[in-house]
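A.B. asks: Starting off with a structure, shown below.
The values are calculated or read from the model by the stated rules, or taken from the named source; none is laboratory data. These numbers were taken from a predicted model, which means no experiment stands behind them. Counting neighbours? That spans all protein chains shown, and the Cβs are built from the backbone with ideal geometry, glycine included. Keep in mind that these areas ignore ligands, DNA and RNA; they rest on the heavy atoms of the full protein, side chains included. Shrake-Rupley method; radii C 1.70, N 1.55, O 1.52, S 1.80 Å.
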Amino acid sequence: MVATTTEQLTALAGTTVIVHPLVLLSVADHHARSVSRNSHKRVVGVLLGQDNGTTINVANSFGIPFEEDEKDSKTWFLDHNYIESMYGLFKKVNARERLIGWYHSGPKLRASDQEINDLFKRFIARPVMVIVDVRPQTVGIPTDAYFAVEEIKDDGTETHKTFLHVPSAIEAEEAEEIGVEHLLRDIKDSTTTTLATRVSEQLASLQGLQSRLSDIQKYLVDVASGAMPVNHQIVYYLQDIFNLLPDLSASDAKQSFVSSTNDQLLVVYLSSLLRSVIALHALVDNKASIGRADLEEGSESKEKEKKEKKVEKKAEGEDEKKETATSDKK
């Protein structure tokens, strides 16, 4: 069994990493400008914000020059002099934002992450590493936060460093919410209806749930086959999840699900019926308006014909008068 030290677990217990939308936009822009679409390279940058103990507030970020061998991930280059110069400039603009860690575009952990994290320990004693998944098909929260810890094995062998996952969340201030709303207004299709938007959001939520369940299944299969050690904390969480699942075999649960489904289907049926009645009423109203328009056009054409006939008769009468007058003179 592998376990982290008690001091490290106590220090990281209840720690939450809060990432602001400005950081996500900055990382996505950094990746779009630096990496081509067909490449699997990642980008690395610095995170700025405040470390309040149990809450890590990631408010800003900037990218740094980084190169990595795609065949050998342990061969990499990072310009730490660039970090010092850029951090000095950011500190002049906002002194409240401290260097709290670093990020990369992942989407998973790499073999060189521990070495890069040790490099950042020159600037801060406890750097946080945030993996920001910039892939467009990502479902759910695109961030994963980690802290470097030392593992102690029960057999007394040498300890080694690894990463401990901590919860992360996306939060925004009022100014950031306004900016994000304007961006979404430009991105979203204005022709889509509210119902289509709600259905797409529910579909995205179900896809996220499916991806989480597949990760849990893969982990349990690896533990059962011996490929991964048993982590009792994860097993406890899974047991809590299973305990919260409803007993679908009970008659009361079945009856409640049937009643809820019938109520929803009744609403759908009534809405479809109402929609059909409204469409039929619009069709009848359209036919009636077209008929009235035809009658009005017919009456107008008849009046025009009568007027034309009157004008012709008057013209004929005047011609006859002229002819009789000329004959009398002769």
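A.B. asks: With all protein chains present, calculate the accessible area of residue 159 using a 1.4 Å probe and round the result to the nearest 10 Å².
C.D. replies: Answer for residue 159: close to 60 Å² accessible.
A.B. asks: Follow-up. Considering only 85, 260, 299, give the residue with the highest GNM mean-square fluctuation for the chain, with springs between Cα atoms whenever their separation is below 10 Å.
C.D. replies: Greatest mean-square fluctuation among the candidates belongs to 299.
A.B. asks: Compute, for the chain, the length of the dipole vector about the Cα centre, with Cβ point charges of +1 (Lys, Arg) and -1 (Asp, Glu) only. Units Debye, rounded to 20.
C.D. replies: That gives the chain a dipole magnitude of about 1080 debye.
A.B. asks: Can you tell me what share of the DSSP beta bridges in the chain is antiparallel? A percent to the nearest 5 is fine.
C.D. replies: The antiparallel fraction comes to roughly 75 percent.
A.B. asks: Kindly identify the stretch 36-161 as rounded, prolate or oblate by the Cα gyration tensor criterion: order the square roots of the eigenvalues as a ≥ b ≥ c, call it rounded if a/c is under 1.5, otherwise compare a/b with b/c, prolate if a/b is larger, else oblate.
C.D. replies: rounded
A.B. asks: How large is the accessible surface of residue 41 in square angstrom, using a 1.4 angstrom probe and rounding to the nearest 10?
C.D. replies: Its heavy atoms expose roughly 100 Å² to the probe.
A.B. asks: Here's another thing I want to ask about it. Distance from the Cα centre of the stretch 189-241 to that of the stretch 90-165, in angstrom?
C.D. replies: 23
A.B. asks: Could you tell me which of rounded, prolate or oblate describes the stretch 241-311, using a ≥ b ≥ c as the square roots of the eigenvalues of the alpha-carbon gyration tensor, with rounded for a/c under 1.5 and, failing that, prolate when a/b is larger than b/c and oblate otherwise?
C.D. replies: prolate
A.B. asks: Also: State in Å² the accessible area per residue of the stretch 72-182; use a 1.4 Å probe, count heavy atoms of protein chains only, and round to the nearest integer.
C.D. replies: Solvent-accessible surface per residue comes out at 58 Å².
A.B. asks: For residue 32, what is the net charge nearby, where nearby means another residue's Cβ is under 15 Å from its Cβ and Lys, Arg count +1, Asp, Glu -1?
C.D. replies: Net of charged neighbours comes to +3.
A.B. asks: Leaving ligands, DNA and RNA out of it, rank 292, 42, 33, 126 by accessible area with a 1.4 Å probe, largest first.
C.D. replies: Final ranking, largest accessible area leading: 33, 292, 126, 42.
A.B. asks: With contacts defined as alpha carbon pairs under 8 Å and 6 or more residues apart, what's the relative contact order of the chain in percent?
C.D. replies: Across the chain, relative contact order equals 15 percent.
A.B. asks: Another question, then. Which net charge results when you count Lys and Arg as +1 and Asp and Glu as -1 among the other residues whose beta-carbon is under 15 Å from that of residue 105?
C.D. replies: My count for the surroundings of residue 105 gives 0.
A.B. asks: At 1.4 Å probe size, with the rest of the protein present, what percent of the exposed accessible area of the chain is carbon and sulfur atoms?
C.D. replies: Solvent-exposed carbon and sulfur of the chain make up 57 percent of the total.
A.B. asks: Work out the charge dipole of the chain with +1 on the Cβ of Lys and Arg and -1 on the Cβ of Asp and Glu about the Cα centre, then indicate which of 199, 172, 53 is farthest towards its positive end.
C.D. replies: 199
A.B. asks: Still on this structure: Here are a few candidate values for Rg/Rh (Cα atoms, Kirkwood Rh): (i) 1.38; (ii) 1.05; (iii) 1.02. Which one was actually calculated from the structure I just gave you?
C.D. replies: Given (i) 1.38; (ii) 1.05; (iii) 1.02, the calculated one carries the label (i).
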